[in-house]
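Asker: Would you mind keeping the following structure in view while I ask a few things?
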Amino acid sequence: MVRPCRVRVVIPHHFSAEPCEERYGSTSGKTMRRAVALGRCLGSVLSLARSEEETILDIGHQGLRSAPPSTIRSCLAGVRIDCHVFVSGEECLSDVLECFAGRIQVHHEVLENPRLLPAAARDYLLKVEEPADLSLYLEDDLVIHDRLFVDKLIWFSERTQHKVVLMPHRYECSRDPEHARLYVDGPLRDDFIGRYYRPMTQVAEGRFWDGQEVTFDAPGNPHSGLFALTAPQRQHLRGRPQPIDGFVGPLESVATYTALSVFPVWKPAWHCRDFLAIEHAFPSFLGYLGRLPQLLG
């Protein structure tokens, strides 16, 4: 019997009720909005789990029935999620975490500087002895809508012999019906991204299981607020010194430079952006709409 794909997820979570000048949502002081974003994040991660056999509640006959097999194609015999949330002290949304009790494991770190919490979560993901097929680091306001998110990451890594890391496109939902999504990780300045690699379009292409033809770029901005490593990639990183800085700031460095310091990082080409995308559920970039000029080309 083929075993299900094992996915280990770590999420650093910090929230301060007292707003400060930092631009991160964790220090915004907006309790309700942060609570909604965290709850949506955790719910989306746990919803990635699936098994070959699923059950229907037959209310009319007061019983349970086996669901027919799904027609969604997958080469994975199910997905099992092992979710870990890392907090420091009392600066967290404990009420939200309690809603998921029994489905997540909360790690209480003792840190003088909460900005090191992402590194603590990342280091656990890399060092834990129990193996996983996919190791996912995720910021606490990202929402995964794609049921085949894990399948696509595994497919890509196998096709690239585990030598390249794939990142999704991150977007925010706008109130403007004419511009429903703002993709927030557009190209960085040439002189900045040039310190790390040379962006290139159409570096590879492939056909996914469902027949989609997908083109990939070495993007002008590798950041997505997360990284995902297969078992061979994680093993390659284990024992290496891990960056705390080196790409913008500590938060961005953990999410991006952990993989970028060792592997090439690709994203789907812009015209294939829906192949792998993720929602930034605590919008912090929408203010640029209507404030910045529309560029041509």
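Every read-out reported here was derived from the displayed coordinates using simple, explicitly stated rules and does not represent laboratory data. Note that the structure is predicted; figures quoted are calculated from it, not measured. Every residue, glycine among them, receives a Cβ derived from its backbone with ideal geometry; neighbour counts consider all protein chains shown.
Asker: Assuming a viscosity of 1.002 mPa s and a temperature of 20 °C, what translational diffusion coefficient in µm² per second does Stokes-Einstein assign to region 1-155, Rh being the Kirkwood radius over Cα pairs? All intermediate terms of the calculation are to be shown ahead of the outcome.
Answerer: On the way: Rh = 17.2 Å.
In µm²/s, the coefficient rounds to 124.
Asker: ³J(HN,Hα) across region 70-83 via Karplus (A = 6.51, B = -1.76, C = 1.60, θ = phi - 60°), whole Hz, x for Gly/Pro?
Answerer: Working through the residues one at a time gives 6, 8, 6, 6, 7, 9, 9, 8, x, 9, 10, 10, 10, 10 Hz.
Asker: I would also like to ask the following. In the chain, what percentage of the DSSP-assigned beta bridges are antiparallel, given to the nearest 5?
Answerer: 50
Asker: Which of 200, 167 has the fewest other C-beta atoms within 10 Å, and how do the rest follow up to the most?
Answerer: 200, 167
Asker: Next question, about the same structure. If you take every residue apart from residue 82 with its C-beta less than 9 Å away from the C-beta of residue 82, what net charge results, scoring Lys and Arg +1 and Asp and Glu -1?
Answerer: +2
Asker: Let me ask another. With θ set to phi - 60° and the Karplus curve 6.51 cos²θ - 1.76 cosθ + 1.60, what are the ³J(HN,Hα) couplings of region 255-269 in order, to the nearest whole Hz, using x for Gly and Pro?
Answerer: For region 255-269, the Karplus curve yields 5, 10, 6, 3, 7, 5, 5, 10, 10, x, 10, 10, 9, x, 4 Hz.
Asker: Then there is this: Springs between alpha-carbon pairs under 10 angstrom, Gaussian network model over the chain: which of 104, 193, 56 fluctuates most?
Answerer: Comparing 104, 193, 56 in a Gaussian network model of the chain, the most mobile one is 56.
Asker: Then there's this: Among the aspartates and glutamates, which have Cα under 12 Å from the Cα of residue 30 when same-chain residues fewer than 8 positions away are ignored?
Answerer: Within reach: 18.
Asker: Also: With loop defined by DSSP as not H, G, I, E or B, and exposure as at most 13 other Cβ atoms within 10 Å, which is the longest segment of the chain clear of exposed trypsin sites (Lys or Arg not before Pro)?
Answerer: Between the exposed loop sites, the longest stretch runs 104-162.
Asker: What shape does region 152-297 take by its C-alpha gyration tensor, where a ≥ b ≥ c are the square roots of the eigenvalues and a/c under 1.5 counts as rounded, a/b above b/c as prolate, and the rest as oblate?
Answerer: oblate
Asker: Determine, at each q value in 0.12, 0.19, 0.23 (inverse angstroms), the log₁₀ of I(q)/I(0) that the Debye formula gives when each Cα of region 137-234 is one equal point scatterer.
Answerer: -0.47, -1.18, -1.46
Asker: Calculate for the chain the 222 nm mean residue ellipticity that helices alone would give, adding -39,500 (n - 2.57) per DSSP H run of length 4 or more and normalising by residue count, nearest 500 deg cm²/dmol. Display every interim value, and only then the final one.
Answerer: On the way: 6 runs with 55 residues, N = 297.
Helix contribution divided over all residues of the chain: -5500 deg cm²/dmol.
Asker: Lys/Arg Cβ at +1, Asp/Glu Cβ at -1, dipole of the chain taken about the Cα centre: which of 17, 236, 187 is farthest positive-ward?
Answerer: Positive-end residue among those listed: 236.
Asker: Which ordering of 66, 157 is given by a fewest-first count of other beta-carbon atoms within 10 Å? Numbers along the way, then the final one.
Answerer: Working: 66 9, 157 22.
Listed from fewest to most nearby Cβ atoms, that is 66, 157.
Asker: If you don't mind, another one. Could you run the Debye sum over the Cα atoms of region 200-241, one equal point scatterer each and no solvent, and tell me log10 of I(q)/I(0) at q = 0.18, 0.19, 0.24, 0.31 Å⁻¹, two decimals?
Answerer: Log-scaled intensity ratios, in q order: -0.83, -0.88, -0.99, -0.95.
Asker: Based on DSSP, what percent of beta bridges with both residues in region 25-109 are antiparallel, to the nearest 5?
Answerer: The antiparallel fraction comes to roughly 40 percent.
Asker: Given H placed 1.01 Å from N in the peptide plane, which residues other than close sequence neighbours of residue 86 have an amide H under 5 Å from its amide H?
Answerer: Residues meeting the criterion, in which the H sits 1.01 Å from N, are 11, 13, 107.
Asker: Over what distance in Å are the Cα centres of region 228-253 and region 157-195 separated?
Answerer: If you average the Cα positions of each part, the centres end up 18 Å apart.
Asker: For residue 185, which sequence-distant residues (separation of 5 or more, or a different chain) have an amide H within less than 5 Å of its own amide H, given hydrogens modelled in the peptide plane?
Answerer: 170
Asker: Could you give the size of the charge dipole of region 204-278 about its Cα centre, using +1 on the Cβ of each K and R and -1 on the Cβ of each D and E, expressed in debye and rounded to the nearest 20? Don't skip to the answer; put the middle values down first.
Answerer: Details: 6 positive and 7 negative charges, 67 e Å.
Its charge dipole is roughly 320 debye.
Asker: I would also like to ask the following. On a C-alpha basis, how far is the centre of region 76-134 from the centre of region 254-286 in Å? Whole number, if you could?
Answerer: Spelled out, the Cα-based centre of one part sits 21 Å from the other.
Asker: On a full-extension model of 0.36 nm per residue, what is the gain between residue 178 and residue 203, subtracting their alpha-carbon distance, rounded to one decimal in nm?
Answerer: 5.9 nm
Asker: Order these by the 10 Å Cβ neighbour count, fewest first: 41, 272, 5. Could the numbers behind the result be given before it?
Answerer: Details: 41 25, 272 18, 5 22.
Listed from fewest to most nearby Cβ atoms, that is 272, 5, 41.
Asker: Quick check on region 40-84: take the gyration tensor over C-alpha atoms, sort the square-rooted eigenvalues as a ≥ b ≥ c, and tell me if it's rounded (a/c under 1.5), prolate or oblate.
Answerer: Oblate, since a/c reaches 1.5 and b/c is not below a/b.
Asker: Give me the percent of Cα-Cα pairs in the chain that sit more than 32 Å apart, rounded to a whole number. It would help to have the intermediate numbers written out before the result.
Answerer: Details: 11750 of 43956 pairs.
Roughly 27 percent, rounded to a whole number.
Asker: Now, a different point. In whole Hz, what ³J(HN,Hα) sequence does region 145-152 give by Karplus (6.51, -1.76, 1.60; θ = phi - 60°), x for Gly and Pro?
Answerer: 9, 8, 5, 9, 4, 5, 4, 5
Asker: Working from the pairwise distances between different alpha carbons, so that the mean of 1/r is found and then inverted, what is region 79-183's Kirkwood radius in Å?
Answerer: The answer is 16.5 Å.
Asker: State, in angstrom, two size descriptors of region 238-297 derived from its alpha carbons: Rg to one decimal place and Dmax to the nearest whole number.
Answerer: Cα-based Rg and Dmax for region 238-297 come out at 15.7, 47 Å.
Asker: In addition: Could you give the size of the charge dipole of the chain about its Cα centre, using +1 on the Cβ of each K and R and -1 on the Cβ of each D and E, expressed in debye and rounded to the nearest 20?
Answerer: Numbers: 33 positive and 38 negative charges, 135 e Å.
Charge dipole, the chain, about its Cα centre: 640 debye, nearest 20.
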